[in-house]
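Have a look at the structure below before the remarks.
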Amino acid sequence: MTTPVVAEIALNVPLYRNFDYLVEPQFQTNIAVGCRVAVQFGRQQLVGIVVALKSNSEFLDKLKPISRLIDNNAIIDRHMISLIEFASHYYQNPLGECYQVALPTLLNKGEAVDKSAVPIIKLIDENTSVNGKKQRQLIEHLVDSGSTPVTELSALGFSSATVKSLLEKAIIEKTVEYNRDWQSKPLAIGDKPKLKREQAIALAAINQATGYTCYLLEGVTGSGKTEVYLQALEKPLQQGKQALVLVPEIGLTPQTVNRFRRRFPNVPIMLWHSAMTDNERLSTWRAAQTQSAAIVIGTRSSVFLPFAKLAMIIVDEEHDLSFKQQDSLRYHARDLACFRAAKLAIPLILGSATPSLETIHNATNNKYQLLTLTERAQTQSDNQYVLLDMRGQHQQSGLALATLDYIKKELTKGKQVMVFLNRRGFSPSLICHECGWLSQCQRCSANATYHKHIRNLICHHCGAQEHVPTQCPSCGSTQIIPAGQGTEQVAEFLAESFPDTPITRVDRDSTRKKGSLESALHDINKGEPRILIGTQMLAKGHHFSEVSLVVIMDVDSGLYSYDFRATEHLAQLITQVSGRAGRSGEAGTVLLQTHFPEHPLLQDLINNGYQDFSRYALREREETLLPPYTSLAIIRCESHKLNDINNFLYDLIPEQLPSGIQLLGPVPAALERIAGKYRYQLHIQGNERKKLHLYLHQLVSYISQSKLATKVRWSIDIDPVSM
Ligand code: ADP
Ligand code: ZN
Ligand code: ZN
């Protein structure tokens, strides 16, 4: 290439464009696409990525020079660049912002790629004679034991001055090495069961893959999906290639990780999740890149790890909503995994007991290959569902008397019972018995939740807290009572009803203290009779072998919602929660409290299972022209001033829409106000994905020029998973 004179840089600024900078002669030999640079932008120094090099520019004399070249080699390869460019294009986000999301924090701050690695000292010239005694000893040590991490040298009594003087004489060198031994050793495989017929068929199909194929492994909890993943990993690992296993945030438990480590004891398995430090994350990132990690098990953003030899991607619980990022770059990790696998021509395995309707649609269209596991690997019988009709039932703290009888029966058998209610706190609000005043958040269009043990009202949306009033703020009455139930109340009531049975509550409040979730899980796994009460946190991932009854308290709120995905999510939740019951050999009971026992969704789900329900739900989506039969995007907008929102959103509605594009709105978001800001949205639907994207590109480029847009906070959400 001719001498690069101008570099196009992606910067993390909210503008839909890249920026040209001058490449001065001292950088011209080393600069490459994929290097980071520091540049002056307005009054700040920013770190950016070189995305293109040019030999000329018509504005040459107006360009500022690059201040510093941070990397002498590209830190990401062509494949990563194309992945990030795809994300920017598909999700309509500025490229610089996409790099910000895709790269580890330390790299965005301009730190060296090897910052988190411990350098080693290596002998390069043992023949030069030195005078110092310590220096001679260090050379002898290196001759005997080979290269040694810097940190160990001080423990061995070698001062940094000794090291420094040998470094200066070029007798030793300081480098970073990444261990890739696992690739040359034969793969060790821990004990494994003989696959059942359906598992064996699934594995054979996956092993046959040449190039890209996406498999949907659909099977109830406990049907042996993880076992199939483990055995499918053998082939890439035996070839010294790498694999990525994506799991939901909540699914990354020590049990999961240990299962992989026990199966593959001699390959390095590394993690990636939000609780890791910046240094730990950079070290996993580098390990993926240098092939010193064989497998990475990670949450959403691990889809951006720069594997050098990626040969398989697995997405466990592919329907899980945590795979979709809900701010900045609103990407779906499963969908980007799909892009990556196709681009690299490698197999992708999506596993779930309750696949998303999008994925099932792709499987029935033969875009994905469907592999089904129908039997539980260790249990013969299926769980039994009970629809408990709540109409006219006497109830206390949201539990019907009949439900209490069911609970009692299981406890006397020595079993455990799990009660599920996706609402923490004591009650979702307080109400005045005299005048009907309701505790509400001042800044949100939402109730303020009553937390009894700390005697506070807390808004779960903006976090605002206040003391419980002693008198009604509206009429002065002292008759202020809880309205509705949260987990705190149900736990209290169950403790009164079953005074001899220990109760464990698992929700965000009860597990705030570090280690408290682990200790709760430990208590549960002792297996004595016990009642577990919890939210979403109980629904996923954990295996409770002694639970024989699951009670789902609040089924009805999911049946009638304005979000068209609510029924899908309810069916997934019921199926997932019920997967917690009856894992130890016997069938369990799943009790659903509802006022609508004849509802066709519930009937279909409990009589025919999720598979049948999902096919039925898909037909409904097709008839009503909803995703996945159409494509959807949402323009969201926030501001303290409703007027600014209206001006901005109404300005986006054209007099005539292109054919095949529909607009709905502006409509208020599910919560119209949060923390004092109004929230409105515009839904844009297209019969064809391509047409919609073309239209959105025009729209976004219009918005990025619009003055009205500068007065509000706006964002675009492609393929939203919730309204
Ligand atoms: P899933 O991932 O679908 O929930 P798992 O792979 O975790 O299912 O399997 C559930 C349980 O059954 C695990 O304890 C697993 O070790 C066991 N298991 C899986 N496959 C087999 C098999 N072929 N033979 C015996 N046990 C199995
Ligand atoms: Zn009142
Ligand atoms: Zn609030």
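Within segment 40-60, the set of residues being touching a residue at least 12 places away in the same chain (Cβ under 8 Å) and in a strand (DSSP E or B) comprises Q40, F41, Q45, L46, V47, G48, I49, V50, V51, A52, L53, K54.
Counting the residues of segment 493-506 that are more than 16 Å from T403 (Cα to Cα) and either within 35 Å of the chain's Cα centre (by Cα) or of a type in the set (D, E, K, R) (or both) gives 6.
Yes/no per residue for (1) surrounded by 13 or more Cβ atoms within 10 Å (Cβ to Cβ); (2) closer than 15 Å to L103 by Cβ:
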{"residue": "T2", "(1), (2)": "no, no"}
{"residue": "Y21", "(1), (2)": "yes, no"}
{"residue": "F27", "(1), (2)": "yes, no"}
{"residue": "V37", "(1), (2)": "yes, yes"}
{"residue": "K54", "(1), (2)": "yes, no"}
{"residue": "S57", "(1), (2)": "yes, no"}
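Among the residues of segment 397-415, those that are surrounded by 14 or more Cβ atoms within 10 Å (Cβ to Cβ) and under 23 Å from I481 (Cβ atoms) comprise S397, G398, L399, A400, T403, L404.
Total residues in segment 164-179 satisfying the condition of being assigned to a loop (DSSP other than H, G, I, E, B) and closer than 24 Å to S116 by Cα: the figure is 4. The set of residues in segment 618-677 that are within 16 Å of ligand 3 (Cβ to nearest atom), touching a residue at least 40 places away in the same chain (Cβ under 8 Å) and of a type in the set (K, R) contains only R673.
I'd like to check something: does segment 372-388 contain any residue that is crowded, with 22+ Cβ neighbours inside 10 Å and out of contact with any Ser or Thr (no Cβ under 7 Å at 6 or more places or on another chain)? Within segment 372-388, none of the residues are crowded, with 22+ Cβ neighbours inside 10 Å and out of contact with any Ser or Thr (no Cβ under 7 Å at 6 or more places or on another chain). Within segment 646-669, the set of residues being of a type in the set (V, I, T) and in contact with a helix residue (DSSP H, G or I) (Cβ under 8 Å, 6 or more places away or on another chain) comprises I661 only.
Would you check if there is a residue in segment 461-483 being of a type in the set (V, I, T) and under 29 Å from the mean Cα position of the chain (by Cα)? Checked against the condition, which is being of a type in the set (V, I, T) and under 29 Å from the mean Cα position of the chain (by Cα), segment 461-483 yields no hits at all. Here H453 meets the list (1) more than 16 Å from ligand 1 (Cβ to nearest atom); (2) farther than 21 Å from R508 by Cα almost entirely, failing just condition (2). Segment 308-418 holds strands (runs of 3 or more DSSP E) entirely within its bounds, and those carrying 1 or more residues that are under 23 Å from the mean Cα position of the chain (by Cα) and not charged (D, E, K, R) map to 310-316, 348-352. If I ask for residues that are within 19 Å of T253 (Cα to Cα) and hydroxyl-bearing (S, T, Y), which ones from segment 299-353 would you list? Of everything in segment 299-353, those that are within 19 Å of T253 (Cα to Cα) and hydroxyl-bearing (S, T, Y) turn out to be T299, S301, S302, S322, S352. Out of curiosity, is E546 within 16 Å of ligand 1 (Cβ to nearest atom) and surrounded by 13 or more Cβ atoms within 10 Å (Cβ to Cβ)? Yes: the conditions hold for E546. When segment 24-39 is filtered for residues that are modelled with pLDDT of 95 or more and farther than 24 Å from P306 by Cβ, nothing remains. Contact annotation: residue pairs with Cβ atoms under 7 Å, 6 or more positions apart or on different chains, pairing a residue in segment 236-264 that is under 18 Å from L517 (Cα atoms) with a partner that is surrounded by 16 or more Cβ atoms within 10 Å (Cβ to Cβ) and among the acidic types (D, E), are P248/E317; P248/D320; G251/D316; G251/E317.
The values are calculated or read from the model by the stated rules, or taken from the named source; none is laboratory data. Quick caveat: nothing in here was measured; it's all calculated off a predicted structure. Ideal geometry is used to build each Cβ from the backbone, glycine not excepted, and the neighbour counts take in all protein chains shown.
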